[in-house]
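**Student:** I'd like to ask some things about the structure below.
The values are calculated or read from the model by the stated rules, or taken from the named source; none is laboratory data. Note that the structure is predicted; figures quoted are calculated from it, not measured. Note that we place each Cβ from the backbone using ideal geometry, even for glycine, and neighbour counts take in every protein chain shown.
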Protein chains: 2
Amino acid sequence: MNYSVSEENYIKTIFHLQKKEGTVTTNELAGELKTRPASVTDMMKKLKAKKLLHYQPYQGFRLTTDGSKVALGIIRRHRLWEYFLAEKLKFTWDEVHEVAEELEHVSNKKLIDKLDAYLGFPKKDPHGDPIPDAQGKIESGKKIRLPEVPLNTSCLVSGVSNQSGEILDLLKHKKISIGTVVEVRKRFEFDQSLEIRTGKQTIINISRELAENILISYEA
Amino acid sequence: MNYSVSEENYIKTIFHLQKKEGTVTTNELAGELKTRPASVTDMMKKLKAKKLLHYQPYQGFRLTTDGSKVALGIIRRHRLWEYFLAEKLKFTWDEVHEVAEELEHVSNKKLIDKLDAYLGFPKKDPHGDPIPDAQGKIESGKKIRLPEVPLNTSCLVSGVSNQSGEILDLLKHKKISIGTVVEVRKRFEFDQSLEIRTGKQTIINISRELAENILISYEA
DNA sequence: AAAATAATTTAGACAAATCTAAATTAAGTT
DNA sequence: AACTTAATTTAGATTTGTCTAAATTATTTT
Ligand SMILES: [Mn+2]
Ligand SMILES: [Mn+2]
Ligand SMILES: [Mn+2]
Ligand SMILES: [Mn+2]
């Protein structure tokens, strides 16, 4: 239930990276945390053992549902403190992050919920990023459907609106799942089918019917 | 310049204990910090190496001037956060200590000084204890002289008003120095001499002239 | 002044988080 | 398909802070 400062920093960073990339790699995380790949591997084993992480050697990693909840708690604390620092203590918006980086690890629920109330339940931090509420709900990166995504913009599959066995079978065959990074390369007017890239390389075609049911959250 | 949470907890606890007792022992500190005597000895070596502590094996320890400065910084943070929690977040006075115990270790000077200003430079925490200012000055446990101390009240020698070689020689002979715990047992009207206890046991007599020059800070 | 007891320190071990260097696996290229 | 390079993992150390058990030193009692 309680995590070390180090574990929290890993969890939070994975959360942010996977938002952009679907899956996170060892080197990427090592770069972000200014640590060594070997240290990342060690920590990944630990987080997997705590069921916060999906991880198979050489396959990259993603947070589990539990892991994401933990991450949202940390992000909530971080952003509430940033709001407090800017709004009440008159720090400038570029100074708050560094200080919040320390305050976020004080994980007393009552403290954070009272701070939230004191600040008037702010919705966004000083950088405009949304603040998760006490239940971990965060203003969604508004989901859109694949056909609405601009061309050549890498984005993330975050859900499927039709849950039938048939569509899941098709998605499985095309190796598309929640967390897959996709990019629309071409739109064919004749039948509204799309040529898309999945993962890092694979180029495939999907029908309008399928595309309509793929929910996307995109943050570049 | 920056200390670990563990080091800070030791430093702060030594500061409080030596205020009451002059010198601090291994078992005492272990008891207070809920750790083992062997761990205390290990940490004492480290703090001595960092010149925060006077320590000779088996002789107990006291903070150096530098050590006390560090302690006052931690106490300042602790008490400012306690004030914030009670005053702004509406915690009750008995809840604040536990939370402040965590917040005190976020040691960003600008944060604390801005918090202090935001709170209106409070002088006392919710328990009535004085808050050190940004320079580490704390409302003194007003020094009095030995003859003014009530009978049978253990208190601490905190200074000497006359710094001549003669008085220092006499004090040395009587084994009284800064940090010695003393207690006045009897007052003789005839010559205003005092019978006092020094340390835990020794009973000695001192003249009015000497007593007048011994400064006392007493906190039981 | 011994002997007994209490306080303190040392020796050796362990968990957490990190590192370097070497080994392994995956990916990209002829 | 084999070779080369890049990414990742493993092996083995290191630092910090802690512990238990044993040895040492100080204090108190006889
Ligand atoms: Mn930030
Ligand atoms: Mn952090
Ligand atoms: Mn307190
Ligand atoms: Mn503390």
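**Student:** Condition test on B:His78, is it closer than 23 Å to B:Asn2 by Cβ, of a type outside the set (A, V, I, L, M, F, W, C), within 16 Å of ligand 4 (Cβ to nearest atom) and in a loop (DSSP other than H, G, I, E, B)?
**Tutor:** no
**Student:** Among the residues of segment A:105-115, how many are within 8 Å of chain B (Cβ to nearest Cβ) and assigned to a loop (DSSP other than H, G, I, E, B)?
**Tutor:** 2
**Student:** Can you tell me how many residues in segment B:49-75 are under 16 Å from B:Gly179 (Cβ atoms) and part of a loop (DSSP other than H, G, I, E, B)?
**Tutor:** Of the residues in segment B:49-75, 5 are under 16 Å from B:Gly179 (Cβ atoms) and part of a loop (DSSP other than H, G, I, E, B).
**Student:** I'd like to verify a number: residues in segment A:155-210 that are closer than 30 Å to A:Thr25 by Cβ and of a type in the set (Gly, Ala, Ser), how many?
**Tutor:** The qualifying residues number 6.
**Student:** Please go through segment B:162-209 and pick out each residue that is part of a strand (DSSP E or B) and without any contact (Cβ under 8 Å) to a residue 12 or more places away in the chain.
**Tutor:** Of everything in segment B:162-209, just one residue is part of a strand (DSSP E or B) and without any contact (Cβ under 8 Å) to a residue 12 or more places away in the chain, namely B:Glu195.
**Student:** Go through segment A:83-130 residue by residue and tally those that are within 18 Å of A:Val5 (Cα to Cα) and more than 16 Å from ligand 3 (Cβ to nearest atom).
**Tutor:** 12
**Student:** Ok, one more. Counting only residues that are of a type in the set (Asp, Glu) and modelled with pLDDT of 95 or more, which one in segment B:20-40 is farthest from B:Val182 (Cα to Cα)?
**Tutor:** B:Glu32
**Student:** Under the condition of being in a loop (DSSP other than H, G, I, E, B) and either more than 24 Å from A:Val5 (Cα to Cα) or within 12 Å of DNA strand C (Cβ to nearest atom) (or both), which residue from segment B:5-48 is nearest to the other protein chains (Cβ to nearest Cβ)?
**Tutor:** B:Thr35
**Student:** Would you say B:Asp133 is part of a loop (DSSP other than H, G, I, E, B), among the acidic types (Asp, Glu) and surrounded by 13 or more Cβ atoms within 10 Å (Cβ to Cβ)?
**Tutor:** So B:Asp133 fits the description; yes.
**Student:** Let me ask something else about it. Do the conditions hold for A:Glu139, that is, is it under 20 Å from the mean Cα position of the chain (by Cα) and modelled with pLDDT under 90?
**Tutor:** Against the criterion (under 20 Å from the mean Cα position of the chain (by Cα) and modelled with pLDDT under 90), A:Glu139 qualifies.
**Student:** Another question about this same structure. Within segment B:64-86, can one find any residue that is crowded, with 18+ Cβ neighbours inside 10 Å and among the acidic types (Asp, Glu)?
**Tutor:** yes
**Student:** Being hydrophobic (A, V, I, L, M, F, W, C), within 10 Å of another protein chain (Cβ to nearest Cβ) and not in a helix (DSSP H, G or I) is the filter here; which residues of segment B:82-99 pass it?
**Tutor:** Listed by number, the residues that qualify are B:Leu89, B:Phe91.
**Student:** Let me spell it out: the conditions are (1) more than 16 Å from ligand 4 (Cβ to nearest atom); (2) part of a helix (DSSP H, G or I), and A:Glu102 meets all of them except one. Which number is the exception?
**Tutor:** (1)
So that you can scan it fast, the table gives a plain yes or no per residue for (1) more than 16 Å from DNA strand D (Cβ to nearest atom); (2) over 18 Å from the mean Cα position of the chain (by Cα); (3) closer than 17 Å to A:Val106 by Cβ:
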{"residue": "B:Asn2", "(1), (2), (3)": "no, yes, no"}
{"residue": "B:Asn9", "(1), (2), (3)": "no, no, yes"}
{"residue": "B:Asn27", "(1), (2), (3)": "no, no, no"}
{"residue": "B:Ala30", "(1), (2), (3)": "no, no, no"}
{"residue": "B:Leu47", "(1), (2), (3)": "no, no, no"}
{"residue": "B:Gly67", "(1), (2), (3)": "no, no, no"}
{"residue": "B:Arg79", "(1), (2), (3)": "yes, no, yes"}
{"residue": "B:Glu95", "(1), (2), (3)": "yes, yes, yes"}
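**Student:** Ok, one more. Which condition breaks for A:Leu89 when tested against (1) crowded, with 17+ Cβ neighbours inside 10 Å; (2) closer than 30 Å to A:Ile216 by Cα?
**Tutor:** Result: A:Leu89 passes all but (2).
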